[in-house]
Amino acid sequence: MTQTADKAETFTLTDNRTGKQVTLPVMKGSTGPDVIDIRKLYAETGCFTYDPGFTSTGSCESQITYIDGDEGVLLHRGYAIDDLAEHATFPEVCYLLLNNHLPNAAEKEEFESILRRHSMVHEQLTRFYSGFRRDAHPMAVLCGVVGALSAFYHDSTDIEDPVQRKIAAHRLIAKIPTIAAMAYKYSVGQPFMYPRNDLSYAENFLYMTFGTPCEPFKVNPVLSKAMDKIFILHADHEQNASTSTVRLAGSSGANPFACIAAGIASLWGPAHGGANEAVLKMLEEIGSVDRIPEIVRRAKDKNDNFRLMGFGHRVYKNYDPRAQVMRKTCHEVLSELGIKDEPLLDIAMELEKIALSDEYFIEKKLYPNVDFYSGIILKAMGFPTSMFTVLFAVARTVGWISQWKEMIEDPVQKIGRPRQLYTGETKRSFVPLAERG
Ligand code: CMC
C-alpha cells in the first residue's frame, strides 16, 4: 500500500494490489501529532495494521498527560513537570491528575484529609504478609497484597458507580504507601508501623518505613521534600507499558484493585520501573570510573545484549525532563546527608558525560532517563535496592487510577483486543498417536 496525505482532515491509502483507495479520518488533539482513525480499516480493506510495541499506535484519547519526546516536555493537565516538582506537593499533583485542576486551599485540605482517613489497611490484610517468605521481593508482595484489596473493599468494586470509583481511587492512593512500607518492614523483620495523621504523605511514608515503636522518629524535612519530589516525578507518564496494562485489564470490566495489581506486575520489568534497581546494580558492577570506557564499549557492541541502564526512552529523544530534576535532588540529598564522596555518583556523572559525548548515543538520541539518578538518592536515603521499584509503584498508583477512571468514563471505550499476523500452520488433519513419527 502507498499513502497520500489528503486535504486537511483525511488520509487516503491506496492498495497497490487492487488499486482500491480508502479514505480515513484524521483526528486532531489539542497539541501533538495528528492521529489517523483506522477503526474502519479492516471493514474497508480486509487488512489489519502491524505494530509490535505500539510504536505508531494510539490506544485511547486522553486529557491527563502530554509528552513531547523530541523537545523533552512533560505536562500533567497542562502543567510542566519541573513547575509541579518545584512548587506543588504530591497530594496536589494527585488531585490535579484526578480532577483536571489544581486544588484551592479548601479542596487541598479536604483531599489531604480524605487520604489520611483512608491510609490504614484492614487489620486482617496484615496477615497476608506472613504468608510470604521473608526473602520475597517486595514487588511480589506489593503485587499480591494490592490484588487482595479487592477481597476486602467490596463497597468500592462496582465500576459502574462513580462514587465507588472515586472511593477506590482514594483508597488506592492512600493505602499504597502503607502497604509498601509494610512490605519493607516484613523483609527486615520489624513491626508494622500504623500511619500517623499528623504527617504529610511523604513524611508518613518515611515514618512507616524507617520508624520503629521503640523511639520517636523525626522526619528530616530535606529528605521528605526529596521523597515528595520523587513521587511527583513518577506520578504519571501517559500510555506506558504499566498504564496500558491497567487500561487493558480494566477494559474487560475488572475491578480497580485487580487492575492496579496488573499495573504493578507490568512495572516490575527492568525495561520499565525495574530500571532504577538495574541502574544501581550496574553502577555497583562498574565499581570504578576507569572501567567506564569498557562498559560503554559493551553497550555499543551489536553482539552484546548489554544496555546502559537508565539511558534511552521509547518517547524521549532528548534529555528526560524528570532526570534534570532528579539530578538536582540527588545533589541536595547527598549534601544534606553529608555524603561528600559517593563513588556511585562519581561513576554516574562520568558515565553520563562520556555517553552524552559519544557518537553512538548522540546518533540514537539516548539520554539519561528518570531512573538514572533516582537509585543513588534512594540508596542514600536508606532504601534497599529491592524497594526502588516499589517506590515507583507507590507514586504511579495515582497515574494508573486516573487513567483507569478516564477509560471507564470514556463512552467510546470497549474491551481491548489487538489483532495479529498469523504465521503458524494452516489447517491440517489430526494425526492419531500411533501414526506420529
Ligand atoms: N544502551 C545501549 N543501547 C541502547 C539503549 C541503552 N540503554 N537503549 C536503546 N539502545 C539502542 C538499541 O540497541 C537500538 O539500537 P539499534 O537501532 O542499533 O538496534 C536503539 O538504541 C533503539 O532501541 P530500542 O530498543 O528499539 O528502543 P525502545 O524504544 O524499544 O526501548 C528502552 C526503550 C527504554 C526500553 C531502552 O532504551 C532501554 O532498554 N533502556 C534501558 C532500560 C531503562 O533505562 N529503562 C527505563 C525507561 S524510563 C522509566 C520508565 O518510564 O519506565
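Take the Cβ-Cβ distance between residue 154 and residue 271 as r, set R0 to 41 Å, and report the resulting FRET efficiency rounded to the nearest 0.05.
Rounded to the nearest 0.05, the efficiency is 0.70.
Among 50, 184, 79, whose mean-square fluctuation peaks in a Gaussian network model of the chain (Cα, cutoff 10 Å)?
Largest GNM mean-square fluctuation: 50.
For the chain, what mean projected area does the convex hull of the alpha carbons give, in nm²?
28.1 nm²
Quick check: convex hull over the Cα atoms of the stretch 280-383, volume per residue in Å³, rounded to an integer?
Measuring per residue, one finds 99 Å³ for the Cα hull of the stretch 280-383.
Between helix 105-117 and the chain, what is the angle of the helix's C-alpha long axis to the longest principal axis, kept within 0 to 90° and rounded to the nearest 10?
Taking the Cα atoms of the chain, the angle to 105-117 is about 80 degrees.
Run the helix sum for the chain: -39,500 (n - 2.57) per DSSP H stretch of 4+ residues, divided by residue count, reported at 222 nm to the nearest 500 deg cm²/dmol.
Dividing the helical sum by the residues of the chain leaves -15000 deg cm²/dmol.
Which one, 23, 47, 270, is farthest towards the positive end of the dipole of the chain when Lys and Arg carry +1 and Asp and Glu -1 on their Cβ?
47
For the chain, with only Lys/Arg (+1) and Asp/Glu (-1) charged at the beta-carbon, what is the dipole magnitude about the Cα centre, in debye rounded to 20?
So the dipole magnitude of the chain works out to roughly 1240 debye.
What distance in nm lies between label points placed 7 Å from Cα along the C-beta direction at residue 20 and residue 360?
4.7 nm
For a label point 7 angstrom out from the Cα of residue 292 toward its Cβ, which stretches of the stretch 340-354 have the backbone nitrogen within less than 15 Å?
So the set is 342-354.
All of the numbers you see were taken from the coordinates with simple rules; none came from a lab. Just so it is clear, the model here is predicted, and its values are computed rather than measured. Backbone-built Cβ (ideal geometry, glycine too); neighbour counts: all protein chains shown.
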